[in-house]
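Asker: Take this structure, written in structure tokens, and hold onto it; I'll ask about it next.
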Amino acid sequence: MPIFRTGVHKDSIIAALGKPTFDKDGYFNGTKAMSYINFVPERVSLGYIYDRRSERLLQTEVSFDRTSVDLEVMENTLKDLLRGKMSGPIREALAEVYYGRTDRRFIEIGRYRGMIKKEGRRDRIYIGVWDENFQK
């Protein structure tokens, strides 16, 4: 699965993944959001929030089906999104959500912030990572 980190131009994502499922105005002012729903059918969906002017990625989102994607795959994906800066507390935060001990954990390491959460009633785990200057 390709990983795109903050700062990447949206055209690089489209060149690698093709046309997104949707590309629309983002929740945050001055942003747009694009998604690849069921990028890996029934297992993984991808989302990207980018700056409307620069078209640079501000946040990456990955949603996993917990019943078909194991913890190690999620951990490796998160580590890649954090540019290899994984810590014990971040591993524990992911495990706590994965095993249902909590519904949501916020993470922070270096210049990156993020959230790991259970998505709704579905058995899905959401991971979002953004640059510290976004979502202030």
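Values quoted throughout were computed directly from the atomic coordinates according to the rules given, and no laboratory measurement underlies them. Keep in mind the model is a prediction, meaning the values are calculated, not measured.
Asker: With viscosity set to 0.692 mPa s at 37 °C, what whole-number translational diffusion coefficient in µm²/s follows for the chain from Stokes-Einstein and a Kirkwood radius over Cα pairs? All intermediate terms of the calculation are to be shown ahead of the outcome.
Answerer: Working: Rh = 15.0 Å.
In µm²/s, the coefficient rounds to 219.
Asker: Sequence-distant or interchain residues sharing an amide H contact under 5 Å with residue 111, placed H: which?
Answerer: Counting only residues 5 or more places away or on other chains, the set is empty.
Asker: Starting from 0.36 nm per residue, how many nanometres of slack lie between residue 83 and residue 111 once their C-alpha separation is accounted for? Please list the in-between numbers first.
Answerer: Details: separation 28, 0.36 × 28 = 10.08 nm, distance 1.06 nm.
Between residue 83 and residue 111, full extension yields an extra 9.0 nm.
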